[in-house]
Amino acid sequence: MFSSRCSGGFSGNFAGVGSFSVHLTYVVRLALVALALQWLPSNKAHSAVFTVNNLADAGAGSLREAINSANANAGPDQIEFSISGNINLATALPYLTDDGTEILGDTAPGAGLTPRILIDGGIVTSPKTGLKIVDADSNIIQGIELIQFDTGIAIIDDSKNNLVGGNGDNYRNIVRSCNRGMNLYGLGCEFNTV
């Protein structure tokens, strides 16, 4: 049995357990603090920052090498760009398989809005997906343009809390000349934001 009081709380009595009371003021305060914490900037430490400094398909300083390095380095990592332009792939990029990797195309130099990094899959054969998150959580893909893929960006299997894009023009991704822009599927693929 529950009863409400005008003082901003409620009380109740469970048979055999006893009575209780809760002041809603405290509950509301806790809820507001929890909500506010969700909107604070993340201060998570990154174990490494990998910089893409050329537009080559592979090799040192390439996006492919940065993704491989981030996958091999446990924990949150950032992939940043010190160059702008087109990356013409000969083969599919490796999947993102480690938690917390951020591909930040908005770090590429240049004036105006992003994306300033274009990934072209025109000659890639199967699998023909631009960027793919597989069984990994809390990854971010921002400021990238993908063209000529079957699927531009895919999030599959047990992948949670990933962010594709963001608030503001500099964080947007553009997917064009693809059969599917986004593909999300698999058991446990949930709480992803596009």
(message) Residue pairs, Cβ under 6 Å, 6 or more apart or interchain, first in region 115-132 and farther than 16 Å from residue 58 by Cα, second assigned to a strand (DSSP E or B). List them.
(response) 115/144; 115/145; 115/174; 129/151; 129/154; 132/154
(message) Just to confirm my filter: which strands (runs of 3 or more DSSP E) fall fully inside region 140-194 and include at least 3 residues that are open to solvent by 60 Å² or more (accessible area, probe 1.4 Å)?
(response) 180-185
(request) Tally the residues that are touching an Asp or Glu at 6+ places or on another chain (Cβ under 9 Å) and farther than 13 Å from residue 133 by Cα, restricting the search to region 150-167. (result) 1
(message) Quick check on my filter: what residues within region 145-163 are out of contact with any Ser or Thr (no Cβ under 7 Å at 6 or more places or on another chain) and not basic (Lys, Arg)?
(response) 145, 146, 152, 153, 155, 156, 157, 158, 159
(message) Show me the strands (runs of 3 or more DSSP E) found entirely inside region 10-127 where at least 1 residues are at pLDDT 95 or above and surrounded by fewer than 19 Cβ atoms within 10 Å (Cβ to Cβ).
(response) 48-52, 77-81, 85-88, 117-120
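The values are calculated or read from the model by the stated rules, or taken from the named source; none is laboratory data. The model shown is predicted, which means the values in this text are computed figures rather than measured ones. Cβ coordinates were reconstructed from backbone atoms using ideal geometry, including for glycine residues, and neighbour counts include every protein chain displayed. SASA here: full protein model, heavy atoms, side chains in, ligands and nucleic acids out. Shrake-Rupley method; radii C 1.70, N 1.55, O 1.52, S 1.80 Å.
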